[in-house]
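A short write-up of the structure that comes next.
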Amino acid sequence: MSLGVDLVPAKICNFDCIYCELGVTTGLTVKRREYTPTAEIIAELEEFFAGLDSKSPGWPDFVTLTSSGEPTLHTGIGDVIRYVKRQLEIPVAVLTNGALLSDPRVRLDLLAADVVVPSLDAARPETLAAINRPAAECADPQRIIAGLAAFAEEFGGEIWLEILLAEGVNDSEEDIDALIAAVARIGPDRVQLNTVVRPPAESWVRPLSETRIKEIASRFKDCRVEIIADYSGRAAVRPARPEKQEILEMLKRRPCTETDIREATGLDGKDVDRLLNELAAASLIRETIHDGRRYYQAGKRR
């Protein structure tokens, strides 16, 4: 069980990925600054863990640093990692698009983490531009790959490299060959293959079939490969308090199916239906159909 910490609440990122489940990037930037006061983040962690210990039911296995945009843009990320490790003694994971790891200061900030999960969706410039729509400073895939490789040499924890594949965008033979070569250079502890399983920023983006992604997985040699794309319709959402506000906060961060919400809250179907109807009546959420599944998202109907 993971406790997620959102370091950059707004959709501020150095990428504007076509598949992003949080929608289009509203602030495309590579500028690092304290987007949320680090002292407030640490204070909220202190409040969350007050009265808990490692045997408490709510004690997480990981604290995961992420954001609604790119977490390494937050200059206090290293301070948060060190606080969790020193004061809470809980393993720390960081989810990042990896594009800023070419900066030695970013690599230094992440060295105290236990697991870093960077992304690499393209190893060719034209494909990177098509799928990630990066800021100009992050448009060179070879620079990104070099940063990932440098971090892999310096980092004492585990690197799980995620590759998200979109049909007709980054799944050509040339793109897969280039990604395989990049993985060999980086040397991650594992490769995680994913595809578009939630409503994307651009509605035309399509997932790969399970057969196709398995075929691609078989081509990676000498490394551990996992397919993390959810083809069952049951997404891995972590437990939360069964309250309407918690459901709304969950939907602000990612689209969820009714099944996702039931599993996350422990509520039965009738209660989930009632809460969703109340949120919809207040124009706080909307429905989206993606790949034949009904998802709920925060925001008014379009």
List the aspartates and glutamates whose alpha-carbon lies under 18 Å from that of LYS85, not counting same-chain residues fewer than 8 positions away?
ASP6, GLU40, GLU44, GLU46, GLU47, ASP53, ASP61, ASP109, ASP114, GLU158
Total charge dipole magnitude, the range 244-298, about the Cα centre, Cβ charges on Lys, Arg, Asp, Glu only, Debye to nearest 20:
180 debye
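Apply 1/(1 + (r/R0)^6) to the Cβ-Cβ distance of ARG33 and GLU158, taking R0 = 30 Å, and write down the FRET efficiency to the nearest 0.05.
It comes to 0.55.
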Straight-line reach from LYS244: which lysines fall under 30 Å, measuring Cα to Cα and dropping same-chain residues less than 8 apart?
LYS11, LYS55, LYS252, LYS270, LYS300
What does the net charge come to around ASP177 if you take all other residues with beta carbon closer than 12 Å to its beta carbon, with K and R at +1 and D and E at -1?
-2
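Among TYR231, TYR83, TYR35, rank each residue by its count of other Cβ atoms within 10 Å, from fewest to most, as a rough exposure measure.
TYR231, TYR83, TYR35
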Taking the chain and a Cβ-Cβ threshold of 4.7 Å, the cysteines left without a partner are CYS13, CYS138, CYS223, CYS256
Along each principal axis, Cα extent of the range 244-298, largest first, Å
25, 23, 19
The simple spin-label model distance between GLU210 and ALA282, using points 7 Å out along Cα→Cβ, in nm, is 3.8 nm
Residues whose built amide H sits under 5 Å from the amide H of HIS290, excluding neighbours closer than 5 in sequence, are TYR295
For the range 72-230, report the % of Cα-Cα distances exceeding 29 Å.
18 percent
Fewest-first sequence of TRP59, TRP160, TRP204 by Cβ atoms within 10 Å of each Cβ
TRP204, TRP59, TRP160
Please compute the Kirkwood hydrodynamic radius over the chain, one decimal place, Å, based on all pairs of different Cα atoms.
20.1 Å
Take every DSSP beta bridge whose two residues both sit in the chain, then give the antiparallel share in percent to the nearest 5.
25 percent
At 1.306 mPa s and 10 °C, plugging the Kirkwood radius over alpha-carbon pairs of the range 170-213 into Stokes-Einstein gives what diffusion coefficient in µm²/s?
129 µm²/s
Please find, in a Gaussian network model of the chain (springs between Cα atoms separated by less than 10 Å), the residue of LEU208, LEU73, LEU88 whose mean-square fluctuation is greatest.
LEU88
Separation in nanometres of the label points that stand 7 Å from Cα toward Cβ, at GLN87 and TRP59:
1.8 nm
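Return the calculated 222 nm mean residue ellipticity for the chain, to the nearest 500 deg cm²/dmol, obtained by summing -39500 (n - 2.57) across DSSP H runs with n ≥ 4 and dividing by the residue count.
-10000 deg cm²/dmol
Read the figures in this text as sums done on the coordinates, not as results from a lab. The structure displayed is predicted, hence computed values, not measured ones. Counting neighbours? That spans all protein chains shown, and the Cβs are built from the backbone with ideal geometry, glycine included.
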